[in-house]
Amino acid sequence: MTRADALVILDAYIKNPNLRKHMLAVEAAMRTYAGVFGDNPEEWGIVGLLHDFDYEIHPTIDEHPMKGQPILERRGVPAHIRRAILAHAKHTGVLPETPMERAVFACDELCGFIIAVALVMPSKQLAEVTVESIEKKLKQKSFAAKVNRQEIEEGISVLGMPRTEHFRTVLEALQGIHDDLGL
């Protein structure tokens with residue numbers, strides 16, 4: 001499975017441009033974490049690209065991402081990547097065990113939150129976002145209220161990395177693809 005193969009799947013199932021950007025953001029964070037853990041950035045990136053690929057066709061908690069698994073299997077996505085995709089969603093019951101699984105769980109909600117922070121900056125650019133601005137906005141319960149802050153906290157714990165280091169790692173990954181994200 002290559003990134004090009006994953007993009008074919010993404011193109012077939014995701015039309016919402018904001019969801020596509022989210023998946024690119026998680027891909028960037030996962031590629032960065034592959035480097036941190038000394039593993040294959042291509043595989044980790046594929047997990048990020050495909051973690052929500054079935055969300056438009058199966059948007060409910062009792063379907064996503066479980067219903068997408070047969071599609072991924074038919075398309076030749078390796079079992080460890082499919083398992084990591086399941087591990088990103090707590091409701092599947094698949095606990096994140098490997099570094100790849102822990103990273104996708106830790107990055108998913110945080111990527112969305114960081115993008116929300118960027119969108120309220122005067123410039124609407126990721127370059128203006130800091131770890132401190134992320135922390136400040138996290139404390140504001142009314143800001144990006146649909147983001148699951150408890151999952152962000154659990155992600156930090158599961159990843160086993162200091163909070164500010166995790167925030168900085170993900171932020172820098174997103175800043176690295178700011179053009180792709182339009183931010």
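Set side by side, the residues 146, 136 differ, and just one is assigned to a loop (DSSP other than H, G, I, E, B), loosely packed, with under 15 Cβ neighbours inside 10 Å and not polar (S, T, N, Q), which is 146.
Please go through (1) among the β-branched types (Val, Ile, Thr); (2) over 21 Å from residue 166 (Cβ atoms); (3) in contact (Cβ under 8 Å) with a residue 12 or more places away in the chain for residue 60 and return the number of the only condition it doesn't satisfy. Result: residue 60 passes all but (3).
Looking at region 60-92 only, could you name the residues that are surrounded by fewer than 18 Cβ atoms within 10 Å (Cβ to Cβ), small (Gly, Ala, Ser) and on the phi < 0 side of the Ramachandran plot? Listed by number, the list holds a single entry, 79. Residue pairs whose Cβ atoms lie under 9 Å apart, sitting 6 or more positions apart in sequence or on different chains, and linking a residue in region 11-25 that is in contact (Cβ under 8 Å) with a residue 40 or more places away in the chain and over 15 Å from residue 178 (Cα atoms) to a partner that is of a type in the set (A, V, I, L, M, F, W, C) and surrounded by 16 or more Cβ atoms within 10 Å (Cβ to Cβ), are 13/53; 13/71; 14/23; 14/53. For region 69-99, a residue qualifies if it is without any contact (Cβ under 8 Å) to a residue 40 or more places away in the chain, more than 17 Å from the chain's Cα centre (by Cα) and assigned to a loop (DSSP other than H, G, I, E, B), and exactly one does: 93. Taken over region 1-59, residues that are at pLDDT below 95 and either buried (at least 20 other Cβ atoms within 10 Å of the Cβ) or part of a helix (DSSP H, G or I) (or both) amount to 0.
The values are calculated or read from the model by the stated rules, or taken from the named source; none is laboratory data. Note that the structure is a prediction, hence the values are computed from the model and not measured. Here Cβ is always computed from backbone atoms with ideal geometry, including for glycine, and neighbour counts include all displayed protein chains.
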